[in-house]
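Engineer: Before I ask anything, let me first share the structure, which is written out below as structure tokens.
The values are calculated or read from the model by the stated rules, or taken from the named source; none is laboratory data. The model shown is predicted, which means the values in this text are computed figures rather than measured ones. Cβ: placed from backbone, ideal geometry, glycine included. Neighbour counts: every protein chain shown. The area values use the complete protein model at the heavy-atom level, side chains included, leaving out ligands, DNA and RNA. Shrake-Rupley method; radii C 1.70, N 1.55, O 1.52, S 1.80 Å.
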Amino acid sequence: MHVHEILKLAAEKKATDLHLKVGSHPVVRVDGQLQPLVELRRLQAEDTIASAFSLMSVRQREKFKKLREIDLSYSVPGQGRFRVHVFHQRGSVGLAFRVVPVQVPKVTDLELPPVLETIADEQSGLILCTGPRASGKSTVLAALVEHVNASRSVHVVTLEDPIEILHRDKKALVNQREVGVDTESFAAGLRSALRLDPDVVLVGELPDPDSIETALAAAENGHLVLSALPTLDAVESIDRLVGAFAEGRQAQVRVQLASVLRAVISLRMVPCSDGVGRVPAVEILRSTPYLRECIESVDKHRQIPDLIVAGGPEHGMQSFDQSLLELFEKGRISREEAERRLSRPDLVRRMPSVPATPPPASQAPVTPAAPTAPATTLPTRSENSGGGPPTLPTPPEADGAQDIGDHF
């Protein structure tokens, strides 16, 4: 069976991923769960080799033979685009495909908080999109670029490995460069991009101190820089960037980061209550004077989660807990899924026993309103109007509720 036929079958099942391994049936991931395609025969060594080489150019084949692994993008007419990783395991060739949306997504299409469009309107600085594997980081970054492309007459340069979603020029001029094809590395491509008169630069990842340093310098010089990190939340993201440097340089990096960081958007995918698909729970951290103090000071650094909770409606921030509660109250996720992921046990007792009625299946998903949460979960900032540390309400006395912890 040709790889195109397997990809077609995966598309029919609405899979997000496809795995080809010698000795196994092809395996797809649907709604986050792996499912073997038992209707197809088990793959032989020659099947995966033929499939891999059918996707590659001559240059890519030589690179694969040398490095034993390679990332590439692949298009199938009438079916879509795929991000592909070809690798060796136990002496045989394996392939992992990730489905890439054909249509460029919009923030409203992805059930994301509308404040993300406001974040994308920033003129300069650094915006990070973070989350574990398959949490939608690339898709959200593409949606932010699409918003810029549709609303501003600017020059956008992207550095990707590989290029996934293709952007056509609208109001903006968009140049997309692929690492390993159009430029040697993220660091080299980023340095080159700054000579292309860009207004907005998207860097698919920041893998090393050189890339991080160049991205911070670009943001300081008035460019808007978008990038992704494989971190779980805002605090871990800041720690990752600062910790990439030697201890003697970390204080300087903290000052730089505090001055340029505009927002951290962290994602986690949660199964929908109807069992079909997944919906993003989103933590949003935005820049405030007190956040800059927290980043610069090691002593205040751990106050950032409290700042996110307290910053809600006033600054367009929300915590994962607030996002989960909103999704539950809208009927988008079940009580069980919300409880598994809530980090504060006192919030479980405040959840209503029955969620709001979900919209009919025939009705298009409703875009969430600006990040909010039930009043009982949100502290106010009226006593902290001077930008000082937020004061959180004291949780009620424990009544036997168990500490469910954070699922992630």
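Engineer: I'm checking my understanding of the structure. Among residues of the stretch 90-104 that are under 19 Å from Lys65 (Cα atoms) and open to solvent by 50 Å² or more (accessible area, probe 1.4 Å), which one is farthest from the chain's Cα centre (by Cα)?
Structural biologist: Gly91
Engineer: Here is a follow-up. Looking only at the stretch 299-315, which residues are in a helix (DSSP H, G or I) and surrounded by fewer than 16 Cβ atoms within 10 Å (Cβ to Cβ)?
Structural biologist: Residues satisfying the conditions are Arg302, Pro313, Glu314.
Engineer: When the stretch 208-231 is examined, which residues are found to be outside any helix (DSSP H, G or I) and either of a type in the set (Gly, Ala, Ser) or surrounded by fewer than 16 Cβ atoms within 10 Å (Cβ to Cβ) (or both)?
Structural biologist: Asp208, Asn221, Gly222, Ser227, Ala228, Pro230
Engineer: So, in the stretch 182-197, exactly how many residues are surrounded by 16 or more Cβ atoms within 10 Å (Cβ to Cβ) and more than 15 Å from Ala219 (Cα to Cα)?
Structural biologist: The total comes to 4.
Engineer: Here's another thing I want to ask about it. Looking at Gly136, Gly125, can you tell me which residue is at pLDDT 95 or above and at positive phi?
Structural biologist: Just a single option satisfies the conditions, and that option is Gly125.
Engineer: Could you list, ordered by first residue, the pairs with Cβ atoms under 9 Å in which the first is in the stretch 38-53 and over 19 Å from Arg90 (Cβ atoms) and the second is part of a loop (DSSP other than H, G, I, E, B) and open to solvent by less than 100 Å² (accessible area, probe 1.4 Å), at least 6 apart or interchain?
Structural biologist: Val38/His25; Glu39/His25; Leu40/His25; Leu40/Pro26; Arg41/His25
Engineer: Consider Glu205 carefully, then state whether it is touching an Asp or Glu at 6+ places or on another chain (Cβ under 7 Å) and charged (D, E, K, R).
Structural biologist: No, not satisfied.
Engineer: What pairs can you find where one residue is in the stretch 172-195 and within 18 Å of Ser73 (Cα to Cα), the other is among the acidic types (Asp, Glu) and open to solvent by 30 Å² or more (accessible area, probe 1.4 Å), and their Cβ atoms are less than 7 Å apart, with a gap of 6+ or different chains?
Structural biologist: Pairs that qualify, where the first residue is within 18 Å of Ser73 (Cα to Cα) and the partner is among the acidic types (Asp, Glu) and open to solvent by 30 Å² or more (accessible area, probe 1.4 Å), are Glu178/Asp161; Val179/Asp161; Gly180/Asp161; Phe186/Glu205.
Engineer: Would you confirm, using the coordinates I've provided, whether Lys330 is among the basic types (Lys, Arg), over 21 Å from the mean Cα position of the chain (by Cα), within 26 Å of Leu144 (Cβ to Cβ) and at pLDDT below 95?
Structural biologist: yes
Engineer: Asp109 is checked against (1) surrounded by fewer than 17 Cβ atoms within 10 Å (Cβ to Cβ); (2) assigned to a strand (DSSP E or B) and fails just one. What number does that condition carry?
Structural biologist: Condition (2) is where Asp109 drops out.
Engineer: If Phe245 passes every condition in (1) in a loop (DSSP other than H, G, I, E, B); (2) open to solvent by 20 Å² or more (accessible area, probe 1.4 Å); (3) within 26 Å of Pro207 (Cα to Cα) but one, which one does it miss?
Structural biologist: If we test Phe245 against (1) in a loop (DSSP other than H, G, I, E, B); (2) open to solvent by 20 Å² or more (accessible area, probe 1.4 Å); (3) within 26 Å of Pro207 (Cα to Cα), just (2) comes out false.
Engineer: Which residues, counting only those in the stretch 257-298, are open to solvent by less than 30 Å² (accessible area, probe 1.4 Å) and assigned to a helix (DSSP H, G or I)?
Structural biologist: Within the stretch 257-298, Leu257, Ala258, Val260, Tyr290, Leu291, Cys294, Ile295 meet the criteria.
Engineer: Mind checking whether some residue in the stretch 160-177 is at pLDDT below 95, closer than 22 Å to Glu69 by Cα and open to solvent by 60 Å² or more (accessible area, probe 1.4 Å)?
Structural biologist: no
Engineer: Here's something else I'd like to know. Which one is farthest from the chain's Cα centre (by Cα) among residues in the stretch 121-142 that are without any contact (Cβ under 8 Å) to a residue 60 or more places away in the chain and surrounded by fewer than 22 Cβ atoms within 10 Å (Cβ to Cβ)?
Structural biologist: Asp121
Engineer: If you go through the stretch 28-60, how many residues are buried (at least 18 other Cβ atoms within 10 Å of the Cβ) and under 27 Å from the mean Cα position of the chain (by Cα)?
Structural biologist: So the count comes out to 3.
Engineer: Of the conditions (1) modelled with pLDDT under 95; (2) surrounded by fewer than 19 Cβ atoms within 10 Å (Cβ to Cβ); (3) over 21 Å from Gly277 (Cβ atoms), Lys14 fails just one. Which one is it?
Structural biologist: Here Lys14 clears every test but (3).
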